[in-house]
Structure formats: C-alpha cells, structure tokens
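These notes concern the structure reproduced below.
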Amino acid sequence: MDFQYIFKGIVVGLMVSIPLGPIGVLIIQKTIQKGRLAGFISGMGAAVADMFYATVAAFGLGIVLNFIKTQEFYLQLIGSIFLVYVGMRIFLTNPVKQIRGAKKTGKKGMLGDFLSIFFLTASNPIAVFVFVAVFAGTSIFGSNPTLRIELFLILGVLLGGGLWWYTLSTIINAFRKKFRLKQLFWINKISGIIIAVLGLLAFLACFEPIKSFIHS
C-alpha cells in the first residue's frame, strides 16, 4: 500500500517538472553543451529544490513557510536577476570553448551546475504554493495522513522529478552529436535570449504596479 503513495508522488513530481520554463531551457542547453550526465545532474538540482518545497507543503513548516511569504519579493528579485545574468552569460559564451571547458572541469563543473539550478529553482517561492494546491486539491494524503505516507509522497516527488530530467537529458543527448558548431552557436544565442527575457519578465513581475497592469 505504501508504494501507491510513492507512485502518486512521482505523478506530482512529473506534473511540476514537465512544463518547460527557464529551468528546462537551461538544462537542455547544458545537455547539448556538456552531455547527458551534466544535464541530468543539473536537473536533479531542480528536483531536490522541488522536494524541499514539497516537504514544506506536506509538513506545513510554519517558520519556513512564513519566511518564504515574507521574503517572497526578495527571493523572486534575486532569482530573476540571476536568471538574466545566466542568460546573458550563455549568449556571450563561445560554445566550442564551453565544450572544451566542460571536459576539463569534470565533477567540479557538474557540482556548480547542480547548485546553480537548485538555487534558481529554490528562488521561486511560488513552487511551495503549487504543491499546497496540488496536495489539497487532489486529497493525495487521504483522510488520515501519517508521517510515513508524507515521507513516501515526498520521495515520490524527488523520483518523479529525477525521472523527467533523466528522460529529457537522454532524449536531447541522442541528438547532441548531430549538431554542428554553427548550429551550437545559434542554440547558445537563442537559449541565452530566452532565459534572459524570462528572467527580465520575472523581474518586472516582482513589482505590484506592473502585476496589476498585466492582470488588468
């Protein structure tokens, strides 16, 4: 019976991970430039951040939830600025040098990729409310939730996210060698522009007057 909750958690993890936002674009770009393992490790940074927010939502950690609510503006602001920076850096980077550099940096480079994606995902506090809505809307915990059930669901969320990022990085990697240097150059430029623009939009959305104008 416990495995049904792992399965439910996997479904939730997939639901949260599959929509391709700036994180998805970043992981696709890293897979093309550095290979499947780098893409997967980067994706696990997002999966671990999602697991953290799923934990907050599941256990209702008051202190953490209150901190996220009070610091939402600053978290989004820092995350959006960092996203613009990452996008511009990708845009200005020579893909040939990046590929050569990836071979030299090895595990250290992958750790940096993991941490940067984790930070970017964790800087989006809306994620915790997404999990709260999903958990509440689907009654996924049942009528009598226990610590065991909650832990299995959280584990499932991590596995679901990991499954998606492994699948995505594997698919992208299958076509990776077919890209020529000129195509890699333009992929870098387009990816950088997309990420920077999404970061800029996230930055603008931090400010209430602009939010009101967008929704009016």
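Points to keep in mind about this one:
- Counting only residues that are at pLDDT 85 or above and of a type in the set (A, V, I, L, M), the stretch 125-164 holds 8 of them.
- Selection within the stretch 79-105 - at pLDDT 60 or above and surrounded by fewer than 15 Cβ atoms within 10 Å (Cβ to Cβ): Tyr85, Arg89, Leu92, Asn94
- Residue, nearest to Arg176 (Cα to Cα), within the stretch 34-63, restricted to residues that are small (Gly, Ala, Ser) and not in a helix (DSSP H, G or I): Gly35
- For the stretch 146-169, filtered to residues that are in contact with a helix residue (DSSP H, G or I) (Cβ under 6 Å, 6 or more places away or on another chain) and farther than 14 Å from Ala47 by Cβ, the residue that is least open to solvent (accessible area, probe 1.4 Å) is Leu153.
The values are calculated or read from the model by the stated rules, or taken from the named source; none is laboratory data. Source: prediction; values computed, not measured. Every residue, glycine among them, receives a Cβ derived from its backbone with ideal geometry; neighbour counts consider all protein chains shown. Heavy atoms of the whole protein, side chains included, go into the accessibility calculation; ligands, DNA and RNA do not. Shrake-Rupley method; radii C 1.70, N 1.55, O 1.52, S 1.80 Å.
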